[in-house]
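For reference, the structure discussed in these notes is given below.
What follows draws every value from the coordinates through simple rules; no lab data is involved. Quantities reported herein were computed from a predicted structural model and do not represent experimental measurements. Here Cβ is always computed from backbone atoms with ideal geometry, including for glycine, and neighbour counts include all displayed protein chains.
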Amino acid sequence: MTNVLNIPCSELLAFRLIRRVTLKILATAVLVMFLTLICAAQGPDPATLMAAQKEAIAPFSYMDGIWRGPAWTILPSGQKHNVTQTERIGPFLEGTVKVIEGRGYDSEGKTSFNAFGIVSYDPAKKVFTLHSYAQGHVGDFVFIPTTDGYIWEIPAGSMTIRYIANIKNGGWHEVGDRIVSGKDPVRFFEMTLKRIGNTDWPAAGAVSWK
């Protein structure tokens with residue numbers, strides 16, 4: 001038997017069957033692609049990300065606690081300013097970030113310097129970042145772990161401000177240098193701290209659920 005197009009019915013039925021199967025395959029492929037794009041947009045699940053962040057931040061546990069000691073900095077006027085520097089440091093957000101507060105006290109016990117920082121880790125980029133607030137300035141800076149401490153830098157046009165810290169055996173020594181290509185580094189900051197105790201800051205004091 002044939003139809004008006006003189007195409008045998010058996011061939012017409014086969015054609016329709018092939019077309020139906022092809023459309024289903026195409027629809028399935030489009031659905032799979034759509035779901036893949038959604039998953040890619042969502043990224044890894046939070047548990048995986050947090051596990052990677054905890055693992056990366058954990059080695060900085062030696063920084064936790066309360067620290068105190070002498071420090072000095074060179075003011076824009078060129079005057080050397082001496083302070084008693086304190087730091088309190090602890091983990092936050094289930095250990096996925098490290099939180100730091102620094103205070104400098106003058107000879108009368110008044111706060112002459114106060115800074116706040118958060119060290120975090122990006123599993124996708126595999127880099128550490130220091131998010132810093134100090135004296136009205138806010139910035140994100142690359143934070144590089146070293147064997148006994150860290151290095152972080154502030155780009156400042158043709159000049160780089162570089163901080164290098166060594167922390168071990170309950171002591172913390174950190175210096176800051178202004179670096180210009182082709183010239184010797186100029187030191188403008190130094191602190192020498194001792195660890196004086198533990199702290200449950202900043203995790204302590206959370207609001208209870210009732």
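Quick one: grab the alpha carbon gyration tensor of segment 51-197, order the square roots of its eigenvalues as a ≥ b ≥ c, and give me rounded if a/c is under 1.5, else prolate or oblate depending on whether a/b is larger than b/c.
oblate
Mind listing the phi-derived Karplus ³J(HN,Hα) values for segment 136-145, rounded to whole Hz, using 6.51, -1.76 and 1.60 with θ = phi - 60°, and x for any glycine or proline?
Values per residue, Gly and Pro as x: x, 9, 10, x, 10, 10, 5, 10, 10, x Hz.
What aspartates and glutamates sit close enough to K54 to cross-link, taking a C-alpha to C-alpha distance under 14 Å and skipping anything fewer than 8 places away on the same chain?
Correct list for K54: E94, D122.
Arrange the following residues from fewest to most other Cβ atoms within 10 Å of their Cβ: T160, T73.
The most exposed by this proxy come first: T160, T73.
How many nm is it between the label spots at I154 and E190, if each spot is 7 Å from the Cα in line with the beta carbon?
Label at I154, label at E190, 2.0 nm between them.
Which links in K80/K194; K110/K194; K168/K194; K98/K126 stretch past 18 Å when you go from one Cα to the other?
With Cα atoms farther than 18 Å apart: K80/K194; K110/K194.
Within 10 Å of each residue's Cβ, count the other Cβ atoms and sort I89, I57, I144 from fewest upward.
Going from least to most buried by this count: I144, I57, I89.
Of V138, V127, V175, how do they rank once you tally other Cβ atoms within 10 Å and put the fewest first?
The most exposed by this proxy come first: V138, V127, V175.
Testing the spin-label approximation: label points 7 Å from Cα along Cα→Cβ at S61 and I161. State their distance in nm.
3.3 nm
Subtracting the Cα-Cα distance from 0.36 nm times the residue separation, let me have the gained length for T48 to V127 in nm, one decimal.
26.8 nm
Subtract the Cα-Cα distance of H137 and E94 from 0.36 nm times their separation in residues, and report this length gain in nm to one decimal.
Full extension from H137 to E94 adds 12.7 nm.
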